[in-house]
1. Using a Förster distance of 41 Å, how high is the FRET efficiency between Glu251 and Gln189, based on the Cβ-Cβ distance and rounded to 0.05?
2. I'd like the Karplus ³J(HN,Hα) series for segment 217-222: coefficients 6.51, -1.76, 1.60, θ = phi - 60°, whole numbers in Hz, and an x wherever there's a Gly or Pro.
3. Please work out the C-alpha center-to-center distance from segment 388-412 to segment 300-364 and express it in whole Å.
4. If R₀ is 45 angstrom, what is the calculated FRET efficiency for the pair Asp284 and His196, using the beta carbon separation as r and rounding to 0.05?
5. At 1.4 Å probe size, with every protein chain present, just tell me what the per residue accessible area of segment 74-478 comes to in Å².
6. Antiparallel DSSP bridges in the chain: what percent, to the nearest 5?
7. Solvent-accessible area of Lys132, probe 1.4 Å, all protein chains present, reported in Å² to the nearest ten, please.
8. Give the residue list of chymotrypsin sites (Phe, Trp or Tyr not before Pro) in segment 80-117 that are DSSP loop and have at most 15 other beta-carbon atoms within 10 angstrom.
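The values are calculated or read from the model by the stated rules, or taken from the named source; none is laboratory data. Predicted, not measured: the structure shown is a model, and the values here were computed from it. Note that we place each Cβ from the backbone using ideal geometry, even for glycine, and neighbour counts take in every protein chain shown. Side chains included, ligands, DNA and RNA excluded: accessible areas come from the protein's heavy atoms. Shrake-Rupley method; radii C 1.70, N 1.55, O 1.52, S 1.80 Å.
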Amino acid sequence: MQTLQSPSLRVSPLEPLRKQSPLLNNVTNRSNLKNPTTTTKRNPSLSISASASTTNTTTASPKREKDPKKRVVITGMGLVSVFGNDVDTYYDRLLSGESGISLIDRFDASKFPTRFGGQIRGFTSQGYIDGKNDRRLDDCLRYCLVAGKKALEDAGLGGENLSKIDKERGGVLVGTGMGGLTVFSDGVQALIERGHRKITPFFIPYAITNMGSALLAIELGLMGPNYSISTACATSNYCFYAAANHIRRGEADFMIAGGTEAAIIPIGIGGFVACRALSQRNDDPQTASRPWDKDRDGFVMGEGAGVLVMESLEHAMKRNAPIIAEYLGGAINCDAYHMTDPRADGLGVSTCIERSLEDAGVSPEEVNYINAHATSTLAGDLAEVNAIKKVFKDTSNIKINATKSMIGHCLGAAGGLEAIATVKAINTGWLHPTINQFNPEPAVEFDTVANEKKQHEVNVAISNSFGFGGHNSVVVFSGFKS
């Protein structure tokens with residue numbers, strides 16, 4: 001994303017990172033195998049001697065995890081979105097190609113150069129948050145609590161069912177990129193205008209980023225791993241990756257994981273305007289988010305929450321849980337390049353994709369669907385495409401789409417809402433369109449599901465999320481097969 005530029009914000013050189021590790025060479029070579037059925041054990045900590053890696057490296061297709069204690073399945077999904085709080089309704093409206101972008105009316109945005117976003121209207125927390133707390137909470141926390149509890153219900157763990165399992169083995173990991181921004185903004189305004197005595201005692205607790213996970217755990221009695229991750233727009237995928245690893249290491253039987261965000265307020269819009277990151281297509285907001293289109297002019301702010309219940313296969317089968325999909329693996333890394341701009345060569349992203357496939361025990365040839373980060377920015381969209389081309393040598397069978405074209409960029413919650421869209425694509429066999437594809441970039445040589453939904457049997461899917469700071473994250477999903 002071409003945004004902040006300053007003599008003091010120099011990018012780091014590209015060359016030092018071009019040399020891949022032996023492990024990454026091993027992963028890359030898998031895409032060229034003549035016999036993809038040959039297997040080898042998946043081992044993220046694999047070491048190869050220097051001589052072997054340069055003169056006699058043996059490559060083979062990866063092998064997926066089979067231990068039911070370490071296999072991670074998705075048993076529930078919950079969300080709050082511009083299309084409502086129901087997962088099926090959300091995906092139906094995505095399939096129809098509906099835009100959730102409109103002019104902002106939550107505050108007077110008339111003096112802002114960007115006056116639109118994916119603003120949530122008509123949100124209700126009835127049945128999930130009591131009235132007194134509902135009035136106090138920042139929307140970031142409200143969205144988190146509702147999405148988290150709805151995900152538990154979807155997993156068959158609502159109400160009395162939750163008391164039937166070991167709560168010490170259940171954790172919460174819901175992150176946010178911005179935290180309780182409204183509470184923070186209101187607190188600063190109270191301090192400036194009326195003095196410190198007028199700051200609410202809830203200012204600090206409701207502004208800090210870990211409070212969503214904490215409040216969910218407090219209300220549900222879950223005593224397992226509990227914290228938040230804040231890696232800007234990569235937050236949700238970082239949470240999925242970390243949550244899955246808690247399960248794989250035997251530290252939890254299940255985790256509520258995802259992201260939440262509520263930044264469509266004056267300071268949120270104003271901050272991204274200052275970064276020169278937002279589209280200014282005020283005359284036609286619904287066509288403003290147009291990933292991979294030559295006329296894109298920045299991203300569109302969105303908000304909401306997307307949460308998964310991730311569970312060990314062993315635990316899910318013991319309680320006869322509904323298994324929606326399987327989390328195969330993931331990866332995280334950093335571009336180490338610039339605060340806001342992506343690496344033009346896509347190396348950080350391509351490496352992250354390769355490592356996610358290695359962690360998942362998946363070869364590149366098995367992937368046939370990508371839910372892209374695709375924010376509708378000039379640099380970011382093509383950098384991601386370049387990275388994908390590095391990993392997938394044959395893209396003829398891969399379909400790629402952009403959820404953000406309809407709901408905007410939900411920052412820390414983006415990966416959560418897009419993971420749900422990815423899982424729904426796996427379950428339904430239908431891919432939602434990427435809308436606003438009017439003048440496509442010729443470099444995008446993929447089927448982007450332009451403007452109309454498509455039927456597609458998903459074998460293995462990846463979902464990408466990248467954030468300011470160079471944070472990259474990729475998660476891998478498939479349908480569940482016993």
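1. 0.50
2. Going residue by residue, I get 5, 4, 5, 9, x, 8 Hz, with x marking Gly and Pro.
3. Taking the Cα centre of segment 300-364 as reference, the centre of segment 388-412 is 13 Å away.
4. Taking R0 as 45 Å, the efficiency between Asp284 and His196 is 0.50.
5. 34 Å²
6. Expressed as a percentage, antiparallel bridges in the chain total about 65.
7. Near enough 120 Å² of accessible area.
8. Those satisfying the criteria are Phe107.
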